[in-house]
Amino acid sequence: MKAGFYLKLAWDGIGKNKRLYLPYILTGGIMVMMYYILSFLTESPTILHMPGGSVLMSMLPLGCVVISIFSLLFLFYTNSFLIRQRYREFGLYNILGMDKKNIGRIMIWECIIVGLISMISGLAAGIILSKTAELVLLKLINAPVTYALSIGVKSLWKTPLIYFGIYFLLLINSLIRVWRSKPLELLKSNKEGEKIPKLIWLHAVIGVILLGTAYYLAVTIEEPLTALTVFFLAVVLVIAGTYELFMAGSVVLCKLLQKNKSYYYKPNHFVSVSSMVYRMRRNGAGLASICILLTMVLVMISSSASLYFGAEDSLRSRYPKGVNISITVKDIHGIDDENVESLRNTIIESCSQQPEIDLMRTGEIPGLFSDSGVTIDYSAFIDFSLATYDNVGYLAVVSLADYNRMCGTNEVLADDECLLYCIRYSYNSNTFAMENGRPYKVKKLLDEFIADGEFNSMIIPTICIVVNDFNAFVEPVSSLANFQGDPMMVFDLRCGFDLETSEAEIAAADAIRASLRNLDIEGKNNIYSYNVESREANREDFFNTFGSLFFLGIMLSIVFLLAAVLIIYYKQISEGYEDKSRFDIMQKVGMTKKDIRKSINSQILTVFFSPLIMAGVHLGFAFSFIWKILMLFNLTNLPLVIMVTIVCFVLFGIFYTLVYKITSSSYYSIVSGRKER
């Protein structure tokens, strides 16, 4: 046979099954478009040369990786669905004398046609919309907008290379599946119902246990970074538990509905329940996939939106003052009154507006936290990893005199008493002791402390302890040194102040930095290192980071949402073709179009809200995780995060309802044998 014959059969097959192939081609094209857009942004000269562009360039490739991996997995899923729907046609070809080699040629041409259409349309849409995406990103990060058009040269060859590779793998998978099938199996593939699986209650129990474990982890973990490490384990548990529960639950639900005589033996319920019984576990798997995708989108968009809309709060938490200064001195003598006053005068004289400031003295040391206090272990701090996070922390010591002066309080402590302020750590003991030191009674756990952005920005737990006699507390560890011979205890001087304008704050920070640099070069004031930051100078980096995260969240949410919509659509289409023969029989014995509509509504209402409700439950328990992880970004506005999460869920619920309403019309048009007007 000539090659043109197979090409014609392939084209006709796509045309006759356009209800199946058009969404598949559209999905492939959108995935290509999304990948090209993100890839284009990674080489965009506008973003590359803008302030903070390096931050964006380091984050956008992550989106490319996620989209390419998800494209592979999801296109495999949808392609398997398409091949399953074509089994009967291929089986008929086989019985009529066409061997599997010839069928394979048809499949090769179909893959080439679908791949080329998806690739060309996706690249064309990507090139057209890439500038729009760039403008949206620039708007999100408050960057200057430029309207110069450009094309990503690297993206033009990299995108086809990746997606032609994906379509090649899809073709190999399809050929293997058809090659292993027998002609009769192909013909009967969509006629066989599912058998009730054994030990179905065991699967349901396993699903409940897996979800219960994930939910327990979500609500019991206190430390943010521990939540980050356990989050991925919880995700795996939720995915596995959701699939187990939905697949087992669909079977259990069908059996319970069949046992309910008053419900089951009604025209609109009888047909719908019988249809669900026909595909119990497959129905559960589809609903579970929809639920997981909805959860992914809700978690992603709510967290990234919270970061974006809470960027100002996060910025002020990291930089509580317009100008923030931290000076590390070489030893404890660097924080004596004379040196502190000298440095204070240097800072004031460097500023044109002469701010009023006080320097807070701190002694800081890494160690291992426990119920009794802190054990000094520098090696554990250097070898810090997420696995050892539970007890690795940082201790900051402040004298009571400095605390009262800086905070305007009048606290009184005995020599054996202390005040504690914990950041990302819960300390519940009544005493606190540092290694080789005496125990101190915890008089009070402070709700607020001297504003210091560096403490807030540290990802590991920090305990700030206020004591009456600073020197007596640090003396037991003052002689300890690390493996390089440097002192374990680091002594800092910290302060911050606001000026009338952001320009004045930036200028003051530059001037103070220059003055401290001169002192360091001259070897004066015992300076070891220094850090001077202004809030306004770092504003662009903050909004670039959070804006790019929000943009990535939007882009990836669109991809995952598209996948959920396609699964819903294919679920309706496949079930429509499977149920058509049953509805045809029911219509011949008197079932009206109105009865069909009632039966469809019954089936939809029985299972429709379950993925959305379950996604809401997942999101509710995941909120604790989300909040703790957002705290690592210095986001402390809990009402804002709650409001954003609720709004995202409500909007998503409306969109989900509309999608299911539209796709159910396709189901109705198939089973009723006509298009709806």
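The numbers here are math on the coordinates, done by the rules we state, and not lab data. What you are looking at is a predicted structure, and each value in this text was computed from that prediction instead of being measured. Every residue, glycine among them, receives a Cβ derived from its backbone with ideal geometry; neighbour counts consider all protein chains shown.
So what are the ³J(HN,Hα) numbers for region 338-349, from phi and the Karplus equation (6.51, -1.76, 1.60; θ = phi - 60°), rounded to whole Hz, Gly and Pro as x?
Once θ is set to phi - 60°, the couplings for region 338-349 become 5, 5, 4, 5, 5, 5, 4, 5, 4, 5, 5, 5 Hz.
Using the beta-carbon distance between Ile521 and Asn471 and R0 = 30 Å, what value does 1/(1 + (r/R0)^6) give for FRET efficiency, to the nearest 0.05?
Given R0 = 30 Å and the Cβ-Cβ separation, E is 0.50.
Calculate the length of the line joining the C-alpha centroid of region 307-357 to that of region 525-559, in whole Å.
20
Longer than 29 Å from Cα to Cα, which of Lys16/Lys100; Lys16/Lys101; Lys154/Lys628; Lys139/Lys661; Lys444/Lys628 are they? Say none if no pair is.
From the list (Lys16/Lys100; Lys16/Lys101; Lys154/Lys628; Lys139/Lys661; Lys444/Lys628), the Cα-Cα distance tops 29 Å for Lys154/Lys628; Lys139/Lys661.
Amide H neighbours of Thr431 under 5 Å, at least 5 residues apart or on other chains, H built in the peptide plane: list them.
Val442
Arranged by the count of other C-beta atoms within 10 angstrom, fewest first, what order do Leu38, Leu26 take?
Ascending Cβ contact count within 10 Å gives the list Leu26, Leu38.
Going out from 0 in 5 Å bins, what whole percent of all Cα-Cα distances in region 323-534 drops into each bin?
1, 7, 15, 18, 19, 16, 12, 7, 4, 0
Just need log10 I(q)/I(0) for region 286-383 at q = 0.12, 0.16, 0.17, 0.22 Å⁻¹, Debye formula, equal scatterers on the alpha-carbon atoms, no solvent, rounded to two decimals.
Once normalised to I(0) and log-transformed, intensities are -0.78, -0.96, -0.99, -1.09.
Looking at region 323-534 only, what percent of DSSP beta bridges run antiparallel? Nearest 5 please.
75
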